[in-house]
Amino acid sequence: MKNILIIGMGKFGHHLCENLLELGNDVMIVDSDEEKVRDLVHKVTNVQIGDCSDPAVVDSLGVNSFDIVFVCIGSNFQSSLEITSLVKEKGAKKVISKANRDVNAKFLLRNGADEVIYPDRDIAEKLAKECTINHVFDYIELDDDYSIYEINVPREWVAHSIKALNIRQRYEVSVIGIKNEEGLNIMPSADYVFEDDDHVMVLGMSADVEPLLRKIR
């Protein structure tokens, strides 16, 4: 459990807050518009109404007491930049700021952000990949080279074990999970025998996974 501050309660800030609360974190939220925080008043640890581009408001928050400070200002980049810089200057341990463009991210990183997130871009890329590649049920990009794919089990794998197929050496991917009616099996043993209705989670480079996808019925 962590102690987290969210500045800016637009749609993304709301979703972030709800998910952090579900995971058991203590969350404080801040926005200059009272209407944007009204529905969360009885869910979060604390609510403040104020403009965090004002140093006095930031001082009142005690940003150095939070494990993470999220700056979720999407519509006004100048305000996002000022707040990111200010909370870091006031002692925030880790600042994660929301950006819409690469050029914005560069300025945020130079002015106090420890990390920059692109929720709209990341969701769009993930959805595009899932819709474009046949037989992909889920897709998580780890970096520019490696990703995790949830795919149908290839026909030729059914009734054979991971060891017998020599998957790592033959296909240059690693099986990190199996999902079926019985649930999720993380890091299955080499003796696991694939069944016809399995979804397989493989980790590998896109260039290695794509030939595998062509083998799926």
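The values are calculated or read from the model by the stated rules, or taken from the named source; none is laboratory data. Computed from a predicted structure; not experimentally measured. Every residue, glycine among them, receives a Cβ derived from its backbone with ideal geometry; neighbour counts consider all protein chains shown.
Remarks
- Selected residue (criterion: modelled with the highest pLDDT) from residues of region 122-161 that are in contact with an Asp or Glu (Cβ under 9 Å, 6 or more places away or on another chain) and under 21 Å from LYS98 (Cβ atoms): ILE140
- Verdict on GLU82 being among the acidic types (Asp, Glu) and either outside any helix (DSSP H, G or I) or buried (at least 17 other Cβ atoms within 10 Å of the Cβ) (or both): yes
- Matching residues, region 160-200, being assigned to a helix (DSSP H, G or I) and surrounded by 14 or more Cβ atoms within 10 Å (Cβ to Cβ): ILE162, LEU165, ILE167, ARG168, TYR171
The rows are residues; the columns are (1) under 18 Å from the mean Cα position of the chain (by Cα); (2) of a type outside the set (Gly, Ala, Ser).
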position	(1), (2)
VAL37	no, yes
SER65	no, no
ILE68	yes, yes
VAL71	yes, yes
ASN76	no, yes
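- In region 1-32, residue surrounded by the most Cβ atoms within 10 Å (Cβ to Cβ) [restricted to those that are assigned to a strand (DSSP E or B) and free of Cβ contacts under 8 Å to residues at least 40 places away in the same chain]: ILE29
- Residue list for region 61-118, filter: hydroxyl-bearing (Ser, Thr, Tyr) and over 12 Å from LEU5 (Cβ atoms): SER75, SER79, SER80, THR84, SER85, SER97, TYR118
- ASP54 passes every criterion in (1) touching a residue at least 12 places away in the same chain (Cβ under 8 Å); (2) on the phi < 0 side of the Ramachandran plot apart from (1).
- Residues being over 18 Å from PHE66 (Cα atoms) and either of a type in the set (Gly, Ala, Ser) or not assigned by TED's automatic domain parsing to the domain that holds GLN78 (or both) - total across region 14-49: 1
One line per residue, one yes/no per condition, for (1) within 21 Å of ALA99 (Cα to Cα); (2) aliphatic (A, V, I, L, M):
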| residue | (1), (2) |
| --- | --- |
| ASN25 | no, no |
| SER32 | yes, no |
| ASP39 | no, no |
| LYS43 | no, no |
| VAL57 | no, yes |
| SER60 | no, no |
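- Tally, over region 45-75, of residues that are surrounded by fewer than 22 Cβ atoms within 10 Å (Cβ to Cβ) and part of a loop (DSSP other than H, G, I, E, B): 9
- Residues that are of a type in the set (S, T, N, Q), outside any strand (DSSP E or B) and over 26 Å from ILE117 (Cβ atoms) do not occur anywhere in region 141-155.
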